[in-house]
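Just so it is clear, none of the values below were taken in a lab; they were calculated from the coordinates. In this text the structure is predicted, and so the values were computed from the model without any measurement. Here the Cβ positions follow ideal geometry from the backbone for every residue, glycine too, while neighbour counts run over all protein chains shown.
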Amino acid sequence: MTPRYETHPITWNESFSVGVDLMDQHHQQLASLINRLAERTSEDLNSEPMVDILGALVRYAEYHFRQEEELMATANYQELETHRQEHLQFCEIISETCYGASLGIVGARELFSYLTRWWRNHILHEDMKYKPLLSALPEHLRRGAA
Ligand SMILES: [Fe+2]
Ligand SMILES: [Fe+2]
């Protein structure tokens with residue numbers, strides 16, 4: 001049975017590799033931002049350190065999504081639109097969660113659990129679909145726009 005909440009920090013391993021170093025580095029950076037919440041699950045999401053962590057996470061996620069979408073466009077990936085919707089939905093959920101936190105109806109434990117599951121599922125089920133195509137891009141294109 002799936003536990004109600006994820007409580008363990010994310011550890012990256014090769015099974016999460018999407019075959020493009022830059023994207024793997026981004027995913028690891030996202031995981032480390034999400035993991036910063038793991039140590040603070042008893043804290044209020046409206047506390048200053050939490051707001052800082054969430055802000056950094058949202059900014060980094062947006063940066064990563066943009067770069068990933070650019071790479072998919074470069075590779076002429078057919079499912080780009082569907083993938084873009086997944087990214088958008090993630091951003092919407094984060095902003096709804098911040099709103100929920102401001103009303104006191106969402107806590108850090110729920111958020112950490114949601115983010116951990118999203119990170120894992122999105123990489124393994126969505127990002128992984130572009131692996132054959134993007135890993136075949138020439139090296140200079142795989143490095144992205146910076
Ligand atoms: Fe993605
Ligand atoms: Fe990704």
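Below are the figures for this structure:
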| quantity | calculated |
| --- | --- |
| Under the Karplus curve 6.51 cos²θ - 1.76 cosθ + 1.60, θ = phi - 60°, whole-Hz ³J(HN,Hα) for region 25-38, x wherever Gly or Pro sits | 5, 4, 4, 5, 5, 4, 4, 5, 5, 5, 5, 5, 6, 4 |
| Nonlocal amide H pairs with Val106, under 5 Å, H built at 1.01 Å | Ala101 |
| Exposure proxy order (Cβ contacts within 10 Å, fewest to most) of Arg84, Arg109 | Arg84, Arg109 |
| Residues whose placed amide H lies under 5 Å from that of Val18, excluding near-sequence neighbours | Asp24 |
| Estimated dipole of the chain in Debye, rounded to 20 [Cβ of Lys and Arg +1, of Asp and Glu -1, Cα centre] | 220 |
| Estimated 222 nm signal from helices in the chain, with DSSP H stretches of n ≥ 4 weighted -39500 (n - 2.57), rounded to 500 | -20000 deg cm²/dmol |
| In order through region 52-67: 3J(HN,Hα) via Karplus (6.51 cos²θ - 1.76 cosθ + 1.60), integer Hz, x for Gly, Pro | 5, 5, 5, x, 5, 5, 4, 4, 5, 4, 5, 4, 4, 4, 4, 5 |
| Alpha-carbon Debye profile of the chain, log10 I(q)/I(0) at 0.08, 0.16, 0.21 Å⁻¹ | -0.23, -0.86, -1.32 |
